[in-house]
Amino acid sequence: MAKRFLGSVGKAEAFRVVGGNLELAFVSKTLTDSGLNIQTTKEDIRGGQGAPIQFSFYHDPSVEITLTDILWKPEYLEAQLGANFKSGIHEGYVTKTYTFDKDGKYELKNNDPEPKALKDLNCVKDTVLAWGAKKGSDDWQIINYTTEGNTKTLTLTDNQGAGEYCVRYLADDSRAFVAEISTQIIPQELFLIITAPIFAGDACGGASKGKAAGHITFEVPRFQLNGAQEFQMNMSSNQTMSLSGIALASESADCDAVGGKLLRIIEVVEDRDWRDEIEHITSDEEYNVVGLTPVFYGINKDGTIQKIENKYLTFPTGSVTDDYAWKTADTYTITLKDKDNKDIDTTLVTVAAAA
């Protein structure tokens with residue numbers, strides 16, 4: 001049997017819950033890391049001479065999750081900061097090349113974007129801000145903007161002579177979407193699925209000979225982001241985007257799951273067969289009656305029980321109908337075989353006549 005190990009990063013898929021329905025938030029296939037830190041806090045109860053540990057109990061379980069992607073995705077910012085890139089606001093800073101006359105003036109043409117006033121600046125009245133420098137120069141200056149009738153004019157505050165100037169200002173831009181980050185940052189809560197590959201070495205544990213053997217999936221019903229988004233810019237490398245948060249407790253169908261469920265971990269191994277875990281089989285005597293469909297269970301190595309579909313069992317010829325109903329009253333030997341057709345276990349079943 002090959003030894004298995006986890007390698008590489010996972011793929012992340014996230015969904016928002018909107019009005020009781022799931023909507024796709026983002027899919028990440030270009031992660032540089034995907035991590036889950038599952039932990040709890042241990043308390044030791046000491047007593048007696050020398051204060052030895054008599055008992056221990058655990059509390060404060062937590063699951064911390066970190067995802068880092070090489071790509072820029074606005075969905076990450078929206079999820080982390082609770083903001084939306086609104087398509088109804090189209091404005092951005094533009095850079096235009098204008099030819100100013102000897103008086104340091106340029107009149108905007110009909111196809112030139114019109115400067116927009118900056119609003120909501122602290123202690124600054126709504127005003128148009130434009131600035132620029134002569135082409136090829138690094139001597140930047142404020143450029144005044146005035147309107148008189150239909151004439152819109154840009155005027156240099158430091159006239160460096162006629163010529164082409166690079167000018168920047170805020171203007172309408174149909175390509176731009178805007179997200180406003182307010183003081184009330186409420187990160188989104190997502191349903192998160194992280195899937196990572198499982199590899200297998202050879203039977204002697206040769207990891208270097210590892211090949212894909214399956215995958216492991218972490219299903220987090222409630223992934224609460226931490227509301228922090230860092231933009232780390234470097235002149236010689238790309239900027240990654242990180243998502244961090246915790247798993248919140250969710251309701252569980254298990255009556256004994258005190259406090260709820262944090263996540264599920266699902267392991268899928270390609271060469272595994274569900275019958276590999278079964279040690280014994282048994283039947284439900286209530287259904288061992290002619291005309292009824294038999295019900296069988298498998299007892300796993302860990303003591304748990306699972307129902308077995310009748311199609312996986314071997315019945316003696318003539319004991320059941322084509323749809324697996326008992327035909328005649330008798331004692332039969334029923335066998336469960338593995339995927340290689342080897343016997344796993346047999347059980348004797350006594351079928352009673354119909355009442």
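The values are calculated or read from the model by the stated rules, or taken from the named source; none is laboratory data. Keep in mind that what you see is a predicted model, and the values were worked out from it rather than measured. Reconstructed Cβ throughout: ideal geometry from the backbone, glycine too, with neighbour counts over all protein chains shown.
Within region 282-318, the set of residues being touching a residue at least 24 places away in the same chain (Cβ under 8 Å) and farther than 23 Å from residue 353 by Cα comprises 298, 301, 302, 306, 308, 312. For residue 336, the criteria (1) touching a helix residue (DSSP H, G or I) at 6+ places or on another chain (Cβ under 8 Å); (2) within 26 Å of residue 216 (Cα to Cα); (3) part of a strand (DSSP E or B) hold in every case but one, which is (2).
Of all residues in region 48-106, count the ones that are farther than 30 Å from residue 133 by Cα and part of a strand (DSSP E or B). Reasoning before the result, please.
Kept after step one, since they are farther than 30 Å from residue 133 by Cα, are these residues of region 48-106: 48-88.
Still in the running and part of a strand (DSSP E or B): 53-69, 86.
Qualifying residue count for the region: 18.
Could you name every one of the strands (runs of 3 or more DSSP E) located completely within region 129-224 that has at least 3 residues being under 30 Å from residue 248 (Cα atoms) and β-branched (Val, Ile, Thr)? Spell out the reasoning first.
Values: elements: 130-134, 141-148, 151-156, 163-172, 189-200.
Of the strands (runs of 3 or more DSSP E) lying wholly inside region 129-224, those with at least 3 residues that are under 30 Å from residue 248 (Cα atoms) and β-branched (Val, Ile, Thr) span 189-200.
Within region 7-26, is even one residue among the β-branched types (Val, Ile, Thr), under 30 Å from residue 271 (Cβ atoms), in a strand (DSSP E or B) and outside the structural domain of residue 168 (by TED's automatic domain parsing)? No: region 7-26 contains no residue that is among the β-branched types (Val, Ile, Thr), under 30 Å from residue 271 (Cβ atoms), in a strand (DSSP E or B) and outside the structural domain of residue 168 (by TED's automatic domain parsing). Look at (1) in contact with a strand residue (DSSP E or B) (Cβ under 8 Å, 6 or more places away or on another chain); (2) not in a loop (DSSP other than H, G, I, E, B) and you find that residue 329 fails only one, number (2). For region 1-59, the candidate set comprises residues that are small (Gly, Ala, Ser) and surrounded by 15 or more Cβ atoms within 10 Å (Cβ to Cβ); within that set, the residue that is farthest from the chain's Cα centre (by Cα) is 2.
Residues that are out of contact with any Phe, Trp or Tyr (no Cβ under 8 Å at 6 or more places or on another chain) and among the hydroxyl-bearing types (Ser, Thr, Tyr) were ranked within region 156-187; the one that is nearest to residue 78 (Cα to Cα) is 182. Does residue 187 satisfy the condition of being surrounded by 11 or more Cβ atoms within 10 Å (Cβ to Cβ) and within 33 Å of the chain's Cα centre (by Cα)? Considered against the rule, which asks whether it is surrounded by 11 or more Cβ atoms within 10 Å (Cβ to Cβ) and within 33 Å of the chain's Cα centre (by Cα), residue 187 comes out as yes.
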